[in-house]
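Heads up, the thing below is written out as structure tokens.
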Amino acid sequence: MSRKVHSHHNFLVLFVLLLTLLSAGFNPANATIRVLDRNPGSVAHFRTAQGANDSAAIGDTIICVGENNGGYGSATISKQLYFVGPGYFLTNLIPAPVNTNSAHFGTITFATGSDNSVIEGFETANILVNQGVANVTIKKCYGNNVYLSGTATIIQQSKVSSVTIMTDATATIKNNIITSNLTCSDGTSVTMNLVYNNYIGGSIDIYRSDFFNNIAVGSTFTLHSNSAAEYNFFSGNGGNARADLFNHFNVTVSAMIIGTGSGDQMYQTAAGSPTISGGMDGITAGPFGGPAAYVLSGRSYYPQITMFQTIGHGTTQTGLPVTVSARAY
């Protein structure tokens, strides 16, 4: 008789997950892999995001299991850590993983000591990178607002409501779906922000930035004198962007993106879109163009279990026969 694994088999599920990661050549930031899981019956290392930060060692990789049990809470990250979640909109995947729940965080603040940290594959409330923090990467996340006061922050392949780069902060913003506003503040730093291959649905106000290969469908675009805008596609008049720098104006939104589907599917490049090969160096403009194209559902690079069955009954002498299917999306 075959039967699906339920919550009381969580220990076995976690064991097979880790075994699958290692056998598939998973290469974490550090050889120490720990698990964050608050599902009923879990025997994982941690049950809250803050507890994971407080107890993990510098450089640890923390695999977070999707849950529907109140979330993992907010956290202040104070050391270099690599958080990896399963992604979001997981029911849209074919085949869908056994666990289609996202890993939910509250507000995540990267504070002193968290330089070079990575957060990937989570649903979050807000993300803050404090002043003095460098080289944080926010990747494949789905959330509300992102506020950046640090330096050399990277946001990529994420779906968020808004992004604000504060005074003298520096960042690379690439291949994201930003449904509302983008603000790049002024300051004395001579380092330019790089903003490219995004979809931006709200108003845009940018200083100190090189802005290219984007799709902008908001009502206003303001480019200040210490910035440049090239090879962008605007649904409106593009504000003060210049036509001689290969910017395109009054492009119909439905000509650029498919506009149908749930979650992040609607932002995919439409067939015959003028954005195809229309960006700098012939790259397709928008989040699905370029070498770091947006990944639907924030799918993680580590294998996820799509089928898990036990057969019969196990003993200490014979063990327990298990059938597992896993896929790296």
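The values are calculated or read from the model by the stated rules, or taken from the named source; none is laboratory data. In this text the structure is predicted, and so the values were computed from the model without any measurement. When we count neighbours, we look across all protein chains shown, and the Cβ atoms used for this are built from the backbone with ideal geometry, even at glycine.
Worth a mention:
- Selection of region 171-190 for residues being farther than 25 Å from residue 263 by Cβ, in contact (Cβ under 8 Å) with a residue 40 or more places away in the chain and touching a strand residue (DSSP E or B) at 6+ places or on another chain (Cβ under 9 Å) yields only 184.
- Tallying residues that are aliphatic (A, V, I, L, M) and either surrounded by 18 or more Cβ atoms within 10 Å (Cβ to Cβ) or on the phi > 0 side of the Ramachandran plot (or both) within region 271-292 yields 3.
- Only one of the numbered conditions (1) within 17 Å of the chain's Cα centre (by Cα); (2) in contact (Cβ under 8 Å) with a residue 24 or more places away in the chain; (3) surrounded by 22 or more Cβ atoms within 10 Å (Cβ to Cβ) is not met by residue 114, and that is (1).
- Scanning region 198-213 for residues that are over 22 Å from residue 110 (Cβ atoms) and part of a loop (DSSP other than H, G, I, E, B) returns 201, 202, 203, 207, 213.
- Hey, residue 195 out of contact with any Asp or Glu (no Cβ under 6 Å at 6 or more places or on another chain), of a type in the set (A, V, I, L, M), in a strand (DSSP E or B) and without any contact (Cβ under 8 Å) to a residue 40 or more places away in the chain or not: yes
- A residue that is at pLDDT 95 or above and under 26 Å from the mean Cα position of the chain (by Cα) occurs nowhere in region 241-251.
- Here the condition is being within 17 Å of residue 287 (Cα to Cα) and not hydroxyl-bearing (Ser, Thr, Tyr); of 138, 119, 165, 127, it holds for 138 alone.
- Among the residues of region 241-266, those that are surrounded by 12 or more Cβ atoms within 10 Å (Cβ to Cβ), of a type outside the set (A, V, I, L, M, F, W, C) and more than 15 Å from residue 213 (Cα to Cα) comprise 254, 259, 261, 263, 264, 265.
- Scanning region 83-102 for residues that are surrounded by 21 or more Cβ atoms within 10 Å (Cβ to Cβ) and out of contact with any helix residue (DSSP H, G or I) (no Cβ under 7 Å at 6 or more places or on another chain) yields 83, 84, 85, 86.
- Unique match (being on the phi > 0 side of the Ramachandran plot and more than 17 Å from the chain's Cα centre (by Cα)) among 71, 87: 71
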